[in-house]
Amino acid sequence: MKFNSTFIALSVSALIFSGMANAAITGTSSAEMTFVSTVTSGTCSTVATNGAGATTTEIAFGTVYKSDLVKKSRVEPMSIIFSDCSGVTKAQVTAIPGVIYGCSGPNGDGDSYGAKYGTGFEVWSGAVDTGVLLSCNKTAAPQDVTISEGVGEFPVNTRIVIGKDYTAADLGAGMIASQVSFVITYP
């Protein structure tokens, strides 16, 4: 009897393992998988250059006379240079005032970027008076920059002017500066 119960137990065990092996071999008619990834936009390295092509954080106007301001004749070119671009074919640039001076004029509502002594700085995409004025107090449409083979350039002209609602009689003498921030997006 002992022999029979052991034999029955082994037989039942063999059937269970056989059923499990059979289930493991049996295929399934579908499979489901979830993929998770983070997509990031490409970027570029950027620097500002002056009219001579040197990397800079300041555009120097040197000595400026009141007559230059009245005539609106002092223009300095600059560019924003895009390099080492990865995954982008286009960038957009807008200009916003810095935190120190804001926009020109006694009420801070001029199109030029404010500075001391009744002055301001205009920023133009393209040529002054015929290009697009990147107004300090009105949001200008973002300016497109084409990126080709990993590089691009955004040429800008800056002009020192008499600030909004000031006249030549209001102008003072001394060192002036203004802040403009260029915001770059990759659409």
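The values are calculated or read from the model by the stated rules, or taken from the named source; none is laboratory data. On a predicted model such as this, the values are computed, not experimentally measured, just so you know. Backbone-built Cβ (ideal geometry, glycine too); neighbour counts: all protein chains shown.
Restricting to segment 166-184, name every residue that is of a type outside the set (Asp, Glu), farther than 30 Å from Gly42 by Cβ and not in a loop (DSSP other than H, G, I, E, B). Hits for segment 166-184 are Ala168, Ala169.
Conditions (1) over 28 Å from Gly163 (Cβ atoms); (2) assigned to a loop (DSSP other than H, G, I, E, B); (3) touching a Cys at 6+ places or on another chain (Cβ under 9 Å); (4) touching a residue at least 60 places away in the same chain (Cβ under 8 Å), marked per residue:
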residue: Ile59; (1), (2), (3), (4): no, yes, no, yes
residue: Val64; (1), (2), (3), (4): no, yes, no, yes
residue: Ser73; (1), (2), (3), (4): no, yes, no, no
residue: Glu76; (1), (2), (3), (4): no, no, no, yes
residue: Cys85; (1), (2), (3), (4): yes, no, yes, yes
residue: Ile96; (1), (2), (3), (4): no, no, yes, yes
residue: Asp109; (1), (2), (3), (4): no, yes, yes, no
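Considered as a group, the residues in segment 94-148 that are farther than 19 Å from Ile176 by Cβ, in contact with a Leu (Cβ under 8 Å, 6 or more places away or on another chain) and small (Gly, Ala, Ser) include one that is surrounded by the fewest Cβ atoms within 10 Å (Cβ to Cβ), and that residue is Ala140.
Could we say that Ile80 is in contact (Cβ under 8 Å) with a residue 60 or more places away in the chain and outside any strand (DSSP E or B) here? No. Which one is surrounded by the most Cβ atoms within 10 Å (Cβ to Cβ), of the residues in segment 36-93 that are in contact with a helix residue (DSSP H, G or I) (Cβ under 7 Å, 6 or more places away or on another chain) and charged (D, E, K, R)? In this case the residue turns out to be Arg74. Lys138 meets all of the listed conditions (1) at pLDDT below 95; (2) in contact with a Gly (Cβ under 9 Å, 6 or more places away or on another chain) but one, namely (2).
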